[in-house]
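The values are calculated or read from the model by the stated rules, or taken from the named source; none is laboratory data. Remember, it's a predicted structure, so these values are computed and weren't measured experimentally. Using ideal geometry, Cβ is built from the backbone for each residue, glycine included, and neighbour counts are taken over all protein chains shown. Ligands, DNA and RNA are stripped out before the accessible areas are found, and what is left, the full protein with its side chains, is counted by its heavy atoms. Shrake-Rupley method; radii C 1.70, N 1.55, O 1.52, S 1.80 Å.
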Amino acid sequence: MLEPEVESRSWPEQLVVDDEAFRVQLAYLRERSPFYREKLAGYDAAGLAEVAALPLTEKDELRATVTDENPIGAHLSVGREEIVRIYSTSGTTGTPSYIPLTASDLDNWITGSARSYAASGVRAGQRIVSTYNAGPFVAGAALASFDRIGLSHIPVGTGNTERLLTAIERLRPEAVVMTPSYAAHLAERAPWLRESSVERVLVAGEPGGGEPAFRAALEDGWGAHVTEAMGIGDIGVSLWGECEEQDGMHLGARGFVHAELVDPASGDALPLEDGAAGELVLTHLRQRAAPLLRFRTRDHVVVKTSPCPCGRTGPRIRCVGRTDDMLIVRGVNVFPSAIREVVAGFAPAVSGHVRVRPTTPDVKQEPPLPVTVELSRDAESLERLADEIRERLRAVLVVQTAVELVPWGTLERSEYKSKLLER
Ligand SMILES: [Zn+2]
């Protein structure tokens, strides 16, 4: 552990520490954040135990307060001179939103991210090849966490597979960090990676690294351990990170961020107990520049609270998908990543590449849901395979699909995040 006294602190003790920070943060919001001063008028919750009585924050609400004079939004709580960094979110829905950080915000982000990545087992003195660009997006802040851990960092950036493979071959790193889609693509393209120096593949940026069949395929392809990490642009980078037990992600950003679970439909708070599933809601505890309260992440997670043999305390999560990707097929919620996971169970007959192709732009879909499944390079005995996949999807996910098999190499590979859903 990077900070054993923090990471192994008992969870009830952590909540006491967090409650103190939360009270200060809440007073700060009322005083400094025009957005929350207005939003919290009439609410009198004071401590963390009452946080669920406070309103949720939606990304669109923040975006609606952006003006020419204030391109960040009404949640901006500091003067221009206090801001040391401004990141952008990728803005899939049009204009980017800006995420300002003070020096202490940035330091807290790096601290949390370093704990999350160190949980994977990488140690000071080891080499890590990164594929994130230190560009406009928050993932760039994760790069500083490698320095914090004491790793020897070899940045190769996004979009240069040759340079990446050469770096692995010649510089013999112990670890690499990339999206799970890209890790899958590389394992397919360079079978020698199984014999390479890489012992750990750290994946982040999209769900998948925690799906058992998909992970097994990655571990086989790389001959390495796969652990995942996860952040939320507006809240922080690599907030969560998985340890060597590979049983869900610990909250590396503990003390900086408070996690809750809500019912995605009603927004009602759900207890953070073992096996609970819902949307992750996050609250800043020590943020200065543009802090957020009860921010809806749109990430659907499952919670684990059993003690982890690594000694880190607190609830762990596994992300099952994004609200934006969820489909409802005759009343049943289906995530494309769950479909991929079921299909991946048919390896080695299938390549693992899957596309879900909804017939309308709506969330609600009439069955059967079209699914394209790519065969592996030397797939044989295709007879009945489509039927078997369709049957397994029905049995596991309770969804009617129409499975189309396509030859190896048909579906586009990604050097960043994969498109599981194609409308
Ligand atoms: Zn652990």
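According to the square roots a ≥ b ≥ c of the eigenvalues of the Cα gyration tensor, what is the shape class of the stretch 351-423, taking rounded for a/c under 1.5, prolate for a/b larger than b/c otherwise, and oblate for the remainder?
oblate
Counting every Cα pair in the stretch 1-69, what percent are over 19 Å apart?
48 percent
For a test of the definition: using alpha carbon positions, the gyration tensor, and the 1.5 limit on a/c, classify the stretch 251-298 as rounded, prolate or oblate.
Taking the square roots of the gyration eigenvalues as a ≥ b ≥ c, the stretch 251-298 is oblate.
In whole Å, largest first, what are the principal axis extents of the Cα atoms in the stretch 194-250?
Computed over the stretch 194-250, the largest-to-smallest principal extents equal 38, 22, 19 Å.
How large is ³J(HN,Hα) for each residue in the stretch 70-75, as worked out from phi by the Karplus curve 6.51 cos²θ - 1.76 cosθ + 1.60 (θ = phi - 60°), to whole Hz, x for Gly and Pro?
For the stretch 70-75, the Karplus curve yields 10, x, 8, x, 6, 8 Hz.
Based on DSSP H runs of at least 4 residues, each adding -39500 (n - 2.57), what is the mean residue ellipticity at 222 nm of the chain after dividing by all its residues, to the nearest 500 deg cm²/dmol?
It comes out at -8500 deg cm²/dmol, rounded to the nearest 500.
Which whole-Hz couplings ³J(HN,Hα) result when phi for each residue of the stretch 234-246 is put into the Karplus expression 6.51 cos²θ - 1.76 cosθ + 1.60, θ = phi - 60°, listed in order with x for Gly and Pro?
6, 9, x, 8, 5, 5, 10, x, 8, 8, 5, 6, 6
Among the DSSP beta bridges whose two residues both lie in the stretch 172-283, what percent are antiparallel, rounded to the nearest 5?
Looking only at bridges with both residues in the stretch 172-283, the antiparallel portion is about 60 percent.
From the Cα gyration tensor of the stretch 86-206, with a ≥ b ≥ c the square roots of its eigenvalues, which class applies: rounded if a/c is under 1.5, or else prolate if a/b is larger than b/c, or else oblate?
Oblate.
If each of GLU366 and GLU38 carries a label point 7 Å out from its Cα toward its Cβ, how far apart are those two points in nm?
4.3 nm
Would you pull out the residues with amide H under 5 Å of ARG85's amide H, same chain only if 5 or more places away, H placed 1.01 Å from N?
Here LEU101 satisfy the definition.
Would you work out which of ILE154, ALA290, VAL342 lies farthest towards the positive end of the dipole of the chain? Charges go on Cβ: Lys and Arg +1, Asp and Glu -1.
Value: ILE154.
Hey, can you find the accessible area per residue of the chain for me, probe 1.4 Å, expressed in square angstrom?
Ligands and nucleic acids excluded, the figure is 43 Å² per residue.
Considering only DSSP beta bridges whose two residues both sit in the stretch 228-298, what percent are antiparallel, to the nearest 5?
95 percent
What share of all Cα pairs of the stretch 160-269, in percent, falls into each consecutive 5 Å distance bin?
Bins of 5 Å from zero give 2, 11, 20, 20, 16, 13, 8, 4, 3, 1, 0 percent of pairs.
Accessible surface of SER181 in the full protein assembly, 1.4 angstrom probe, to the nearest 10 Å²?
Counting only protein heavy atoms, the figure is 10 Å².
Keeping every protein chain in place, order ASP387, ASP68, ASP105 by accessible area at 1.4 Å, biggest value first, i.e. largest first.
In descending accessible area the options line up as ASP68, ASP387, ASP105.
If eta is 0.890 mPa s and T is 25 °C, what Stokes-Einstein diffusion coefficient results for the stretch 1-142, Kirkwood Rh from Cα pairs, in µm²/s?
For these conditions, the coefficient is 138 µm²/s.
Could you tell me the extents of the chain's C-alpha atoms along the three principal axes, largest first, rounded to whole Å?
67, 52, 46
Of all beta bridges DSSP finds with both residues in the chain, what is the antiparallel percent, to the nearest 5?
Rounded to the nearest five, the antiparallel share is 60 percent.
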